[in-house]
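Below you'll find the structure, written out as structure tokens, and then a few comments.
Nothing in this text is a laboratory measurement; each read-out follows from the coordinates by a stated rule. As the structure is a prediction and not an experimental result, all values here were calculated from the model. A quick note on method: Cβ atoms are made from the backbone with ideal geometry, for glycine too, and the neighbour counts reach across all protein chains shown.
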Amino acid sequence: MRLIALDQLGFRPGHVKRAAVVLEGASGLDGQPLAFRVVDAAGTKRHEGRLTKAALDAASGDVVACADFSALAAPGNYRLEVCGRQSGPFAIAEDVYAPALRLTMRSFSGQRCGCNVDLGGGYRHATCHMDGAFHASSGRSGKLANSGGWHDAGDYGRYVVNSGISTATLLWAWELYPEALRGLKLDIPESGGAVPDYLAEIRWNLNWMLSLQDESDGGVWHKQTSEAFCGFIMPEKDTLTSYVIGTGSEPYKSTGATADLAAVAAISARCFRPFDAAYADRCLAAARKAWTWAMANPRVLFRNPAHITTGGYGDRNCADEILWASAELFRTTGERQYEQAFLEALPDDLAMDEASWGSLAPFAYWTYALAEKANPFVRAGIVEATNEAAALRILRSRENGYGNSLRLHDYRWGSNSAAANDGLLLLLAHHLEPNPAAVDAALANLHYLVGCNCHGVSWVTQLGHRPFQRPHHRPSAADGIDAPWPGLLSGGPNAGGGDAVANKLPKRPPMKMWVDDERAYSLNEIAINWNAPLVFLLAGANSKLG
Ligand SMILES: [Zn+2]
């Protein structure tokens, strides 16, 4: 036996509890199922059973058997034993995911730009990137005051498109799982104010997104970054000018950024209304203006202008972003013009897949289905398509040795976010129509991300007994502290290559195509749009899900 892999945080008492046990080569396929037992902290046996029959897992190439100890529901601290070998420690408790939710949400505070950041434990940086200006490609010139935002990923850029899905995912978690998030204490400068910590953290990024809207016409500039990535230095040491970058020609703003802001600001208007009505009004006005611009300019695509080499987030088709903005504005206002735009653009075939920064149609469908005044026939079609997509993932989750819902070709750049976003889809399916199997599969993806994988690693920094250590993340590399900044999700296995380290890895089954190396940005970078669905999953895991 080579490895016992399980969720390093543990399990809630009523949930399914499984571990993956990796057996030695092909011989593991022939033997009788082995016995396992679960022991408590004193070494006393609390549960015993037999592994399932071992099978070859195509994603990892491992021979894997499953230990199912769902029947053990007594809260406590445990280890799993097979043939005298023990797993790492794990807990069974109702609040077992609460620290993880706080840690992963606080990682956004760590990504704050334009202010002092101090997460405790030495994880801090001074005010950064205050030297802002309009780039010639924006159609404007002159200096610009910094207005916050989150550093996007391992770099210090800020991108409206990627901020769009990240912020929306977090706001959706707020709307779906209020009981898990309302009381969340983040210890941020805004704590104790009228706005709950969770929303206050999100507002830091929203304010920056709003600042990229051109007041004169409602369009939104695509991004604010330096011309090229800086070295592996702390953010305050990066003195390159932070430019507002546009498309380089009329109308300078991009459809993707503008429609994304319209959608996010429309959600914000709903979420902030009970706490700060004036801010909600401001968000709604910005959303309406952005939507009008995007409807009038539906095909202004973004490509990096000459001499700009930071992230592009260039989309080939922004129809799904506009569809999403229309649906969010309809859900917020109930107004006919937005519903009409949504229904007119709604495709006959609802291609339902997990959402990503360039593919927002699922968000458009789901938010329409959640709207109070949704047409019941359209809603039923969306629920059906979502159930079908969930059913496929439930099946894959049952077939995978480690319980995740990924297909072999899903192990590409950012595959861990695909697992998290599949989790979001599964939880949405359950939210639209009760589906306990979808909840189990969503949680299985969470288990995969924090330990139940062929590396036996938690892909979230400082979480679990064996978290990864070397994210491609400038502050983690440059701060002089050995352990990385807390709460960050690795991009995860990527069979497609993409950087010098990944390209040199020997070819192995796709889940194995990962190493813990900070140079490997296609394997081990972190990003706000990867952490956001993880927070969503954890918010769900901290809720009743009844
Ligand atoms: Zn900064």
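Legend: distances between Cα atoms for 53/504; 17/512; 185/289; 373/544; 45/185; 143/237; pairs beyond 30 Å are 53/504; 185/289; 45/185.
Here each label is just a point 7 Å from Cα along the line to Cβ, and for residue 504 and residue 336 those points are 6.6 nm apart. Membrane-span-like helices of the chain, defined as complete DSSP H segments with a Cα extent of 15 Å or more along the helix axis and a mean Kyte hydropathy of at least 1.0, are identified as 255-272, 528-541. In this simple spin-label approximation, residue 24 and residue 433 carry label points 7 Å from Cα along the Cα→Cβ vector, and these lie 4.9 nm apart. Dipole magnitude for the chain: about 800 debye, using +1 per Lys or Arg Cβ and -1 per Asp or Glu Cβ, origin at the Cα centre. Length gained on full extension, residue 185 to residue 398: 73.1 nm, using 0.36 nm per residue less the C-alpha separation. DSSP beta bridges confined to the chain are antiparallel in about 85 percent of cases.
Label point of residue 85 set 7 angstrom out along Cα-Cβ; within segment 35-53, amide nitrogens under 20 Å from it belong to 35-40, 48-53.
What the Cβ-Cβ distance of residue 50 and residue 466 gives, at R0 = 22 Å and to the nearest 0.05, is a FRET efficiency of 0.25. If R0 equals 45 Å, the separation of the Cβ atoms of residue 275 and residue 516 corresponds to a calculated FRET efficiency of about 0.65.
With contributions of -39500 (n - 2.57) from each DSSP H run of at least four residues, the per-residue ellipticity at 222 nm computed over the chain stands at -12000 deg cm²/dmol. Taking amide H positions as modeled 1.01 Å from N, with prolines and chain starts lacking one, the residues under 5 Å from residue 220 and 5 or more places away or on another chain are 214, 254, 258. Each residue, residue 380 and residue 68, gets one label point 7 Å from its Cα in the Cβ direction; the gap between the two is 3.5 nm.
All other residues whose Cβ lies under 13 angstrom from that of residue 28 are scored, Lys and Arg at +1 and Asp and Glu at -1, for a net of -2.
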